[in-house]
Each structure stands twice: as C-alpha cells, then as structure tokens.
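Input: a single structure, listed below in structure tokens.
The values are calculated or read from the model by the stated rules, or taken from the named source; none is laboratory data. Not measured: the values here are computed from a predicted model. Glycine also receives a Cβ, built like all others from the backbone with ideal geometry; neighbour counts cover every protein chain displayed.
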Amino acid sequence: MIIVGGTYDEYCFEPRWDKKFGSGLRACWAMARLRPQQNVAFYTFGNEATSQYLNQVAEGIDLTYHVTPIAHNIQFRYDYPLADPVVIPRPDTLGNHQNLLEVKGDVILYYGMIEGNGRVSGRKVIYDPQSPSNPVGFRATGSTAERLAIVVNLTEAKKITGIRTNDVQAIQQFFFEQEDAEVVVLKMGAKGACVRTREGAEALIPVYETQSVWPIGSGDVFAASFAHYWDESDDPILAARQASWNTAVYCNTRNFNFLPFESVPEIKPFLIHDYPKAQLYLAGPFFTFSERWLINEIFHCLKSMNIKLFSPWHDVGLGEASTVVPLDIKGLNESKVVFAVLDGLDSGTLFEIGFAVAKNCTVIGYVENESSESIKMLEGTECIIERDLTTALYKCLWALAKLDG
C-alpha cells in the first residue's frame, strides 16, 4: 500500500493532546495494524526533523518513507476537538503551489495536503480531500486512477461540488460524472456515512455509539480502514462498514488497537436515516465573557450537526424575568432534549434541568469541576453526565435521533 499525505504536529488545549500525526502518518499507523506483514510506502512533505521522526517510526512498523523537503513543520492547534484548528504557519504563506509530490503505484491512499499537491497515478486510488477550507477535486490535482474511490466529508463535498444543500445523491452524482469515480463515500460525522457505487449499489453506514468520542483524526482512520478493506474485498459497502467500526474503536480509545468487527457489545451500531427533527434546549449560564464564549461554541457545534436548537442566550438574551422566563419556558416545552452546562451550578440552569426531568426529557449535562455529591439529584434521575465536551455534544445528536427512530 502506498500512502500520500501530510505529517503534522497536532496540539489540543482541552483535552490535552500533543502528538505528531497528520492524515498521512496516522494512516500509516492504522495500516500497520491492519496489515502488519506488509510494507507501507509513505510519501509526505517535511523538513529534517520530519525525516528524523519518521526514521524512529520506521523502527516500530514496516515503513518506507519519502520526504519532499519544505521549510517548516506544520502545526494544527485546536482549542478542543470540535473547534476549527489554527494552522501554523498560515496556509496562505506556505507557497503550496510550488510543492509537488509525484507518485505512481498499484494501490494508493491519497490525502489532500495544505502544504503542497500530490500528483498520483494508480490502478486503484482512494482519495480523501482533507481540507475544510479549500478542498480540491481529484482530477484538479492532475492525478489519474483506473479505479477511483472518493472518501469525503459532507462539508468538503459541498465545497468541491458547489452544491449548498445536503442533497447526498446530487453530490455523489457530481463525483461520478465529473471525477469519474467508481465509489463515493460521504462521511457525515456523528450521523455515519453513505456509500454509493457508479453501478447503483448504495447503503447507509451506521455510526457506532461509543462511551467516549475523540474526533481528531477519525476521518483519517476511516479512509485508511476503507482503503484496506476495499483493496482486500473489493466490496465498498463491506469496507465502509468495517471502516466505521474501526473508527469507533479509535474514537473510543485514541489508539490503533482495532478489535474484531462488532466484538464489543458496548459499542453499538446506530443507523441514522435523517437529521433529527426534534428540538434541543441549550441551558447554561451566560453572565460573563467566558460563560458566553462556551455557550456560543456549543451553539455553533450543535448547529453544525444540523440540530434544531433553542438557546436562551441566542434566541432571547438578557432581560427582565417577566419577559425572558415565559420565552424560555416555551422553548423548554417545545424541546425533547436538554443540554446543560453544569459547572457553577447556576440556579437557572438547575431549574431548567428539573423542569425537563419532570416532563421526561432527556438531559445531557456537561461538567468538569463539580463533585458527584453536588450533582447527586441529576445522576439519580438518569441525566447523562459527561466530563468531556465533545462526547457530550455527540450524544446530543444520538439522543435526538433515537426520538425520531
């Protein structure tokens, strides 16, 4: 297997993360676990420090690496896993149009790179554009493939195609007609994935519910796993299902110790046919800048999941009790799930939780600093308590989808 992709320094502020991966190198680690007896040929950009690090990696896995020189190490810095990363150096200063990798081979897994372009030619190519801001279509890279599978997330696919709606079939048809793809796999985050072939075979791929969700690199693992299983079986639907399972194991553990397919009962397949229609209520204090910042981040994360949302801060704002309380109560009555920020044990938030529990709403609470004793009533009334923000937000979508299901 040939892998073409980036090698980047990754930092996350909360939860703490400081690793060297990037899409290409992470795929090398995944592939080494999936086919331990086979060599992985890795093509990437980097400087002398990159080569030195890859030399260390090659002592642990069967890796042959080829580094095309660039001046800087590239860093991705996240405030938290669902936040847009800050890229250092700024992508527009990298002169990426000058940097080119050319690779020919049999089976190639190719990730888009912000620091340069790959021009590949293969019998079987799996292409993941890997750029939230400026994804490039496969043919636009100058690459060719006898058999092409496009593995792309929905946001990137909409930018490449120019289709602004979530019309999955129109997006897939674009890749069949304009990119001459044989297979299109649309990744849809917490909702799972959708696979379609040029001949018309298609399937929704379930997401797997996990106890913990670590999304940084999850798309890399999915594409690598899909490439492995598609190469092995030539069945794209089976490959995507296996890839979804491996991705869930990675998200649950942050490592590449993949487990046999569906061997853990606690990791459950969940097929989501459409985005939920029920409304979520966002509860939490918003009296200081830091509180408003957190509420605003949560609001936009939930919106990006296509969740119908009522937020007292965004939809009502500050005001007299006689004005804001009736509107908030109306929002609560129209909601089926409540997401609550618990730190500080704000009296208004606790009232909203009690109101929701009384009307049998699902309550998902995010808390870092409160003791189990101080939230005993919430735990005792089957509220879902999470100490990781990303995990809590994913569970919001899953809770809403179950109501529709």
Being small (Gly, Ala, Ser) and closer than 24 Å to ASN39 by Cβ narrows GLY137, GLY122, GLY95, GLY142 down to just GLY122
State whether the residues of segment 83-91 include one that is outside any loop (DSSP other than H, G, I, E, B), modelled with pLDDT under 95 and surrounded by 19 or more Cβ atoms within 10 Å (Cβ to Cβ). no
Can you name the condition, by its number, that ILE272 falls short on among (1) farther than 14 Å from VAL338 by Cβ; (2) modelled with pLDDT of 90 or more; (3) within 21 Å of the chain's Cα centre (by Cα)? (2)
Within segment 288-329, tally of residues that are touching a residue at least 40 places away in the same chain (Cβ under 8 Å), in a loop (DSSP other than H, G, I, E, B) and of a type in the set (A, V, I, L, M, F, W, C): 2
Any hit, segment 32-43, residues being in contact with a Cys (Cβ under 7 Å, 6 or more places away or on another chain), closer than 29 Å to ALA239 by Cβ and not in a helix (DSSP H, G or I): yes
Counting only strands (runs of 3 or more DSSP E) wholly inside segment 159-206, the ones holding at least 3 residues that are in contact with a Cys (Cβ under 9 Å, 6 or more places away or on another chain) are 183-187, 202-205
Selection status of TYR127, more than 22 Å from ILE70 (Cα to Cα), of a type outside the set (A, V, I, L, M, F, W, C) and in contact (Cβ under 8 Å) with a residue 24 or more places away in the chain: yes
Selected residue (only one of ASP79, ASP92 is without any contact (Cβ under 8 Å) to a residue 24 or more places away in the chain and more than 26 Å from ARG147 (Cα to Cα)): ASP92
Going through segment 1-31 in order, the residues found to be in a strand (DSSP E or B) and surrounded by 23 or more Cβ atoms within 10 Å (Cβ to Cβ) are ILE3, VAL4, TYR8
Only residues that are touching an Asp or Glu at 6+ places or on another chain (Cβ under 7 Å) and surrounded by fewer than 18 Cβ atoms within 10 Å (Cβ to Cβ): list them for segment 308-339, please. VAL316
Just to be sure, is ALA243 closer than 21 Å to GLY24 by Cβ, not assigned by TED's automatic domain parsing to the domain that holds ILE364 and not β-branched (Val, Ile, Thr)? yes
